[in-house]
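Right, one structure below, let's go through it.
The values are calculated or read from the model by the stated rules, or taken from the named source; none is laboratory data. Model, not experiment: these values are computed from the prediction. All Cβ positions, even for glycine, are placed from backbone atoms using ideal geometry, and neighbour counts span all protein chains on display.
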Amino acid sequence: MNKTLDKRTQIVEASLALFAERGFDGTTVPEIAQRANVGAGTIYRYFSSKEALVNALFQDRLAKLHQAFEQDFPGSSDSRAQFHHIMSRLSRFAETDLNALHFIDTHYYFRLLDEQSLKIYRELFDLLDRFILSGQQQGMIKDIPAHTLILMVFGAFLGMYKQRMTSITMADEDALLRQVDQCCWDLIAVHI
């Protein structure tokens, strides 16, 4: 395996874990270096600053989440089926990379994000906005600003996942995820 790739990957994964745990301001470059088992100077060979590292992480993980949502998106289905797709992809993303989900949640504020990060953020929210607007046109989703509805669902989902990771797991994880999917749908759906 390529040593350059190994060190960069070690830095990225250590940074992701620390930023998810402590946030940007609570994480130092020496702590990243220690967790990654590299010298602090090695980090600067790959990233010009801690801000550049945050942006590289944000862009990579947000792009992966966006790709997960787009892959096999049921565009011709109704909003409920599309919502289920989004929630199942979000669940899968959380299962495989919970640190990334928490990192995205704590770093989506704009003070650290460069133009490329903001572009990727807008592209993801454009996809979700289109889903919400389509559902509103179908009369299936509440007439509340799309960004507000997205944040309500994401906040509820993330809160559930944080709780789930700190407690005893249920015997039937699939049943729990179906219930979460339904509860989050109930947050945004028009009920006649």
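The number of residues in the stretch 145-161 being more than 21 Å from LEU127 (Cβ to Cβ) and modelled with pLDDT of 85 or more comes to 0. Taken residue by residue, the stretch 80-93 has at least one member that is surrounded by 14 or more Cβ atoms within 10 Å (Cβ to Cβ) and over 20 Å from the mean Cα position of the chain (by Cα). Is it the case that the stretch 6-18 has a residue that's among the polar types (S, T, N, Q) and in the same structural domain as ARG178 (by TED's automatic domain parsing)? No, the conditions are met nowhere in the stretch 6-18. Checked against the criterion of being assigned to a helix (DSSP H, G or I), out of contact with any Lys or Arg (no Cβ under 9 Å at 6 or more places or on another chain) and more than 21 Å from LEU53 (Cβ to Cβ), the stretch 110-124 has at least one qualifying residue.
When ILE104 is tested against the conditions (1) surrounded by fewer than 18 Cβ atoms within 10 Å (Cβ to Cβ); (2) part of a helix (DSSP H, G or I), the lone failure is (1).
When the residues of the stretch 162-186 are filtered to those that are of a type in the set (Lys, Arg) and closer than 23 Å to ASN99 by Cβ, the one that is modelled with the highest pLDDT is LYS162. Note on the stretch 70-79: residues that are surrounded by fewer than 19 Cβ atoms within 10 Å (Cβ to Cβ) and either among the hydroxyl-bearing types (Ser, Thr, Tyr) or outside any loop (DSSP other than H, G, I, E, B) (or both) amount to 3.
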